[in-house]
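Working notes, beginning with the structure itself.
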Amino acid sequence: TSYRMNAPKGRNDSEGESAEGEAENEEESEDSEDVSESIPNKGNVEARNVTSRELPPCVKPQKDLEEQDALYKQQLHALRQRGKEKIIIKEDPAKKKKRRRRRCIGVNLINCKYESVRRATRRYGLKEVGEDEEWILYWTDTSVSHEKVVEMKRFQKINHFPGMSEICRKDLLARNLNRMLKLFPKEYNIFPRTWCLPADFGDFQAYSRMKKPKTYICKPDCGCQGRGIFITRNLKEIKHGDRLICQQYISKPFLIDGFKFDLRVYVLVTSCDPFRIYIYNEGLARFATSKYNEPSNSNLDDICMHLTNYAINKHSKN
C-alpha cells in the first residue's frame, strides 16, 4: 500500500503493478548473482575436465582437421600445376614423338576367282595387293609349288601345302589309297575297289571276268561337279585309252528317308609338323532328289537317284 501511495502522479494501477514486478525481479537477480559468485560454474568444470583428458586417436580437434584440409588443398594444387607442366612438355612439337601408323595387312588374290574371298577380305579390313607388292597372305585356287614356298618369308602365309594335289585329284588320291591299302590292309579297308585307267586296265578286266556281273561307276580323273560320270554294267562302254577312275558301285548305301546322301566334315590343317587339325562345328550334307533303288538296267541312267552332286540335282524335277 505504501508503494502505491509513493507512486508518482499520472500513473494508473497497471503501471504500478508492472513497476512492482520489476523491483521484485531486480531483487531476485541480485540474489542469484550472490549465489553464482559463491558456487563455481558447473558447466565450466565439465568443459575443463573434458579438455584435460586425452582424446582418442579417432577424434581430432577441429583446429587440426582444418589444418590438414588446408594442407591437402595445397598439395592438390601443386600436383595440378605439375600435371599442366607435363602436358605442356608433351605437346612440345620439337620433342613430340611420331605416332606409328597401323600397318595394313596385304592379301594377294591374283590367282583367286571367287568373289566370296574378296568380300571376306574387305570385311575384315584387309587390303588386296598385287604380285609385286608386299603381302601377308597368299590365297590361290590352284596347287602351290615347292619353289613358291621356298621364296616365302617367315611372316607370310599361304592357303595350300605343297603336294596337296596328291590327295585332291581323283587319280592321285586313288593311287595313294591303293598303296596304303597294300601296306595297312586293315586300317585302309574303308573304300571300294578302285582302278586308275588306263594304267590298271588289265587288272580291271581280270577282276571283272572272275566275279559275277557287277555295277561300276566311272569318273574323269580330274573332273568336278558330276561332269562325265556314268554308271555301267557293260565293260564294252569302258575303252582302253580312256583316262578314268573306275570303282565298284556300292549297291546298298546308307539312306535318309530313302534318299542317297553324302556327308562332308570340314577341317583346317594349320601345321604338318607338329600335326595340327581344327574341325569345324558345321558340315555339309548333299542329297539325291530321287528315291534310291538298287541299280538295274532300267535305272542306270537316272543320275538324280545315284549321284548327290548339287550341280546335277538342282536341275531335277523333284
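The values are calculated or read from the model by the stated rules, or taken from the named source; none is laboratory data. Quantities reported herein were computed from a predicted structural model and do not represent experimental measurements. Cβ coordinates were reconstructed from backbone atoms using ideal geometry, including for glycine residues, and neighbour counts include every protein chain displayed. Calculation scope for accessible area: heavy atoms of the full protein, side chains included, ligands and nucleic acids excluded. Shrake-Rupley method; radii C 1.70, N 1.55, O 1.52, S 1.80 Å.
Is the range 114-176 best put as rounded, prolate or oblate by its Cα gyration tensor, with a ≥ b ≥ c the root eigenvalues, rounded for a/c under 1.5, and otherwise prolate when a/b is larger than b/c, oblate when not?
oblate
Please report the net charge: other residues with Cβ closer than 10 Å to the Cβ of Phe230, K and R +1, D and E -1.
Local net charge: -1.
Name the shape class, rounded, prolate or oblate, that the alpha-carbon gyration tensor gives for the range 167-318, where a ≥ b ≥ c are the square roots of its eigenvalues, rounded holds for a/c under 1.5, and otherwise prolate holds if a/b is larger than b/c and oblate otherwise.
oblate
Would you please name the GluC sites (Glu not before Pro) within the range 98-186 that are DSSP coil residues with at most 14 other C-beta atoms within 10 Å of their C-beta?
Glu131, Glu133, Glu134
Extension gain Cys224-Tyr207, at 0.36 nm per residue separation less the Cα-Cα distance, in nm?
The span from Cys224 to Tyr207 would gain 3.4 nm if fully extended.
Name the long-range amide H neighbours of Met164: under 5 Å, sequence gap of 5 or more, or other chain; modelled H, no Pro or chain starts.
Sorted by chain and number, the residues that satisfy this are Val144.
What list of ³J(HN,Hα) couplings, whole Hz, do you get for the range 165-172 from phi and the Karplus terms 6.51, -1.76, 1.60, once you set θ to phi - 60° and write x for glycine and proline?
Each residue of the range 165-172 in turn: 5, 5, 10, 9, 7, 4, 5, 5 Hz.
How large is the accessible surface per residue of the range 143-224, computed with a 1.4 Å probe and reported in Å² as a whole number?
With the other protein chains kept in place, the range 143-224 gives 69 Å² per residue.
Taking the mean number of other Cβ atoms within 10 Å as a proxy for protection, how do you rank 279-288, 242-251 from highest to lowest?
Put in order of decreasing packing, that is 242-251, 279-288.
DSSP loop (so not H, G, I, E, B), at most 12 other Cβ within 10 Å: list which trypsin sites (Lys or Arg not before Pro) in the range 121-188 pass both filters.
Lys153, Arg154, Lys186
Could you pull out every residue, at least 5 positions away or on a different chain, whose amide H is within less than 5 Å of the one on Ile158? Hs are placed 1.01 Å off N in the peptide plane, and Pro or chain starts have none.
When sequence neighbours closer than 5 places are left aside, the close amide H contacts are Tyr138.
Would you please name the chymotrypsin sites (Phe, Trp or Tyr not before Pro) within the range 120-184 that are DSSP coil residues with at most 10 other C-beta atoms within 10 Å of their C-beta?
Loop-located and lightly packed - Tyr124, Phe155.
Using a 1.4 Å probe on the protein chains only, how many percent of the accessible area of the range 223-262 belongs to carbon and sulfur?
Carbon and sulfur: 54 percent of the exposed surface of the range 223-262.
Sequence-distant or interchain residues sharing an amide H contact under 5 Å with Val129, placed H: which?
Amide H neighbours of Val129, under 5 Å, 5+ apart: Val107, Asn108, Leu109.
To the nearest 20 Debye, how big is the dipole of the range 226-318 about its Cα centre, given +1 on the beta carbon of each Lys and Arg and -1 on that of each Asp and Glu?
Roughly 180 debye for the range 226-318.
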